[in-house]
Every structure is written in C-alpha cells, then in structure tokens.
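The numbers here are math on the coordinates, done by the rules we state, and not lab data. What you are looking at is a predicted structure, and each value in this text was computed from that prediction instead of being measured. Note that we place each Cβ from the backbone using ideal geometry, even for glycine, and neighbour counts take in every protein chain shown.
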Amino acid sequence: MAKQRKHIGKNILFGILLIGLCLPLIQQLTQFASVRALSGAIVNTKPPVYSSENWFNGTFQDTSLNYINDNFGFRNDFIRLNNQRLFMLYNEARANGVIIGKENYLYEIGYIRAAFGNDFVGFDTVKRDVEKLKRVHDTLNSLGKKIVFLFAPGKASYFPEYVPDKFTELKHEQTNLDAYTKELKQQGLDHVDLNTWFVQAKDTTQYPLYAKCGIHWSKYSEYLVMDTLVNYFENLMEVDLPELVFDGFHVSEENKNGDYDVGEGMNLYSKISTFPMAYVDYHFDKENPYDTVRSIVVADSYYWGLFGRNLSSDCFKEGEFWYYNNKIFSDVTPNGMDRDKVDLAQRIESNDVFIILSTDANLDDFGFNFIDQMYEFFYTKKGIR
C-alpha cells in the first residue's frame, strides 16, 4: 500500500512537471491567459516566410528560431521575473542606460554624466556655439522674430543626493549647463534657465517636481513650467497669449502619466515603492481675444508633455514640435514628418518665435544642429555677412 501511494505521488509530481513544461506552448497556441505587454522600445519579430531559397540557405531556420524565442507563451512574465530577481538580488536594472540610485531612485546615465560634468564639451566649443547663436539671434531680431533657448532640468541635478557614490566621486568642476548659461548671459541672448529654477525651488514647492521612478519633470511641474513660459513669452514679445486656466488638482499614491516611466521601462514583476505625486487639470482659454503667435519648438523628449497639453497648438497657433530636429509633429502631422521634407526658408518666414528646449543631458549636442542650419541658411546660402 505504501509503495502504491509512493508510485501515485511520483505520477502526480511528473504530471505537474509535464503540465508546467507544456504551459508555455499551450499559452502560445491558445493565449488562454492575459499577459502584460513589455514596456520600452520593443521590436516585434516577424513570422518567418518559407521559400526554397530560405530553406536551403538556412535563413528560414534562423528566423523561425528567433520568432519562437520572442513569442513563446508567458515570455513577458518570465522576463519580468528575471528582471525582478536581478533588481532584488544584485541591484541591477535590465533597461538600457538605467542606473539604480540610493533608496531605489531611478536615473538614466546621461543625466548623471551631465550633472557631474562628465560630458563637458570644452570652453572653445561652448564659445563657438554661442557665437553662432548670437548671429542667428541678431538676424532674426532684425526680421522682427525671436529665438529663445530653454534649459530644461535634469533629474541628477535635482536629486544629486540619491546618485550612487561611484558616480559622484568622478565629479568635474565644469558642466555644460554652467558654461552655456554663463556664455548666453554674457552675450545677452534670450534664454530661460529652468534647471537652476528647479533646484532652487526644490524645498519650497508644495509637491515634488520630479518623481522617484520618472526621468522627466513631473506632471505637476509641467503645469508650473507652462505658466512660467506663457508669462515669459508675453513679456518678451509684448503680446497677450491665451490664458492658462487652472481647473483643479488631485494627489495620487499611484505615480502615473509618465511619472513612473523609467520604472515601467525596467519591466519588473512588482512596482517599486514611490511617494505620492500631484496632478493638475488646466486648459487654455481661447474664448477671450488673444494675439496670434506662430512657433517652432526644437526639443528633446522633455517637450512631449507640454506638447500633449496643447502649448504648441492652443498657445502658439498651429505650432510645430521638431523632435530632436528629426521629426516634425503638429496637429497637421500627428504621426510625424521627416524634417528634411520641409523648406527652412518657408518656416522662417511663417513663424514668429523659434524655441530650443534641451535638458542638461543633451547640451553636448547644443541646439540639435538647428542653430547650425539656421546659421548656414543666413550666412552661407543667403550670402549675408
């Protein structure tokens, strides 16, 4: 009897093991269970296409293997479990460029390098870049137009105390932010240093300007930035822009709407604990009379939130967002259009203000080549001296 029970027990264990081994295949074929999609830049492998040529040269076999490897059942859950294991046991992030700081504050390496001067381009480069901007600035002024550089903040500049010690020990005396802002001030160029403003306001704002597991400014701080920029451009251009109307706000324990974007990109099985964040509801009042101002904003990903809250479309009439000066987004081109398909001369003629917004992590690519293109247009192609 004991041997029989032992035999039954072995069969049950074998059956459980067999079912466990077959579950991924069953899931792949039937999709009987709901599985969370992975976050980040995920490239879906295309199914293999059979042909006699692909078969004999081995391409079909290779693509089949890659397709099965990327699409077997519960793959996303297995990836999340493995990422969770590496995070908990080794404090390691399986996400490109992500650094886990003290108390599990999340950073991207580019912002750490910028905050501690590891990417400093040198004073000669800074001076040359700003001299080009100065000439473009003066020419646009003569045409009744403006060009403004906005220095967006960086998370490592705002939260340096949570950066791992191995990075802070490599701190340089000079940063791109310090050098460019100083040179722009000396040249009398229009600019807004939001990075310094964020750092100075850190201990006085009612709610955090950065989230623990987000890389961009918080949704709450986006509202403050919008209000600041509307007032700044009204004074700079002596116009009345649509009023930014505050509709209310709420505080959420759950970080959402981009305030947990790096955490999502880590693809963990369970979320990292965070602190509450504020979320503001607001809109532009277009019922009352206002002045029409046309704009082009050349910016990195920090502008996505402002663009999504209609700063370009409602405040600056039909404004365009030139993402890294590569893709152009607007109400007319919501899916983006290649930058090289537009005529720069026509854009200069039809717009009133040109705004360059860059976080400190991208100042080693000052202006995303837009200043160089404007400089070439005015002083080479147009023959202006």
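By a straight-distance test (C-alpha under 14 Å), which aspartates and glutamates pair with Lys134 as possible cross-link partners, with residues fewer than eight away in the same chain excluded?
Glu183, Asp190, Asp372, Glu376
Among 151-157, 258-264, 247-253, 164-170, how do they line up from the highest to the lowest mean number of other beta-carbon atoms within 10 Å?
Per-residue mean Cβ counts within 10 Å order the peptides as 151-157, 258-264, 164-170, 247-253.
Distance in nm between label sites at Tyr324 and Leu143, each 7 Å beyond Cα in the beta-carbon direction?
According to this spin-label approximation, the distance is 2.7 nm.
Provide the gained length on full extension for the span His172 to Gln346, in nm with one decimal, where the gain is 0.36 nm per separating residue minus the Cα-Cα distance.
Numbers: separation 174, 0.36 × 174 = 62.64 nm, distance 4.28 nm.
This chain segment gains 58.4 nm when fully extended.
Segment 245-320: D in µm²/s via Stokes-Einstein (Kirkwood Rh, Cα pairs, 37 °C, 0.692 mPa s)?
Here the translational diffusion coefficient equals 219 µm²/s.
Of Lys102/Lys185; Lys286/Lys327; Lys219/Lys271; Lys46/Lys271, which sit over 24 Å apart, Cα to Cα?
From the list (Lys102/Lys185; Lys286/Lys327; Lys219/Lys271; Lys46/Lys271), the Cα-Cα distance tops 24 Å for Lys102/Lys185; Lys286/Lys327; Lys46/Lys271.
So for each of 173-184, 139-150 I average, over its residues, the number of other beta carbons within 10 Å; can you give me the resulting order with the highest mean first?
173-184, 139-150
Report the convex hull volume per residue for segment 263-385, counting only C-alpha atoms, in Å³.
Considering the Cα atoms of segment 263-385, their hull volume per residue is 162 Å³.
Considering every pair of different Cα atoms, what Kirkwood radius, in Å, is found for segment 98-381?
Result for segment 98-381 stands at 19.8 Å.
Starting from the Cα-Cα distance between Phe78 and Glu161, subtract it from 0.36 nm times their residue separation and give me the gain in nm to one decimal.
26.5 nm
What list do you get for Met237, Met374, Met88 if you sort them by fewest beta carbons within 10 Å?
Met88, Met237, Met374
So what J values fall out for segment 146-162 if you push phi through Karplus, 6.51 cos²θ - 1.76 cosθ + 1.60 with θ = phi - 60°, rounded to Hz, Gly and Pro as x?
These are the phi-based 3J(HN,Hα) values: 10, 10, 10, 9, 10, 8, 6, x, x, 5, 5, 6, 7, 10, x, 5, 9 Hz.
Taking N as the number of residues in segment 133-282, what is its Cα Rg relative to 2.2 N^0.38 Å?
Here the Cα radius of gyration is 1.24 times the empirical estimate.
Take Thr125 and Asn96, extend 7 Å from each Cα along the Cα→Cβ direction, and tell me the distance between the two endpoints in nm.
Placing both labels 7 Å beyond Cα along the Cβ direction yields 2.1 nm.
Applying 1/(1 + (r/R0)^6) with R0 = 22 Å to the Cβ-Cβ distance of Trp304 and His250, what FRET efficiency is obtained, to the nearest 0.05?
Calculated transfer efficiency: 0.50.
Please list, in chain and number order, the residues 5+ apart from Ile99 or on another chain whose amide H is under 5 Å from its amide H, with Hs placed from the backbone.
HN-HN under 5 Å from Ile99: Tyr107, Glu108, Ile109.
Considering amide H positions built from the backbone, and no H for Pro or chain starts, which residues 5 or more places from Tyr282, or on another chain, come under 5 Å of its amide H?
Amide H neighbours of Tyr282: Asp247.
State the percent of C-alpha pairs, over all pairs in segment 139-217, separated by a distance greater than 19 angstrom. Please report the intermediate quantities before stating the final value.
Numbers: 1549 of 3081 pairs.
So the portion of pairs separated by more than 19 Å is 50 percent.
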